[in-house]
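Report on one structure; see the data block that follows.
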Amino acid sequence: MKSKITRVVYAEKKFLGNYETCEVTAEVTVDPADNPANVMKRLKKWVAVQVDGGPWREEDEDEE
């Protein structure tokens, strides 16, 4: 039986100071036609962009 990578998960944590962190985790299902290494590269890039955005919080509708 030949093993195949079918799912890739990547997480990155950024320390914000004052005991606060921002963690982003993403998971992608690998299409059989895709190279798992290329999928991981794209996933890592996407997660890094999200982490650099800092902690996300929903703005209240009253704040404008």
Counting only residues in segment 4-32 that are in a strand (DSSP E or B) and of a type in the set (Phe, Trp, Tyr), the one modelled with the highest pLDDT is identified as Tyr10
Among residues of segment 1-30, those that are over 21 Å from Gln50 (Cβ atoms), touching a helix residue (DSSP H, G or I) at 6+ places or on another chain (Cβ under 8 Å) and among the charged types (D, E, K, R), counted: 0
Is there a residue being at pLDDT 85 or above, exposed (fewer than 14 other Cβ atoms within 10 Å of the Cβ) and aliphatic (A, V, I, L, M) anywhere in segment 34-41? yes
Within segment 33-55, work out how many residues are within 16 Å of Arg7 (Cβ to Cβ) and either hydrophobic (A, V, I, L, M, F, W, C) or part of a loop (DSSP other than H, G, I, E, B) (or both). 9
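The values are calculated or read from the model by the stated rules, or taken from the named source; none is laboratory data. Just so we're clear, the structure is a prediction, and the values are computed from it rather than from any experiment. Quick reminder, even Gly has a Cβ in these numbers, built from the backbone with ideal geometry, and neighbours come from all protein chains shown.
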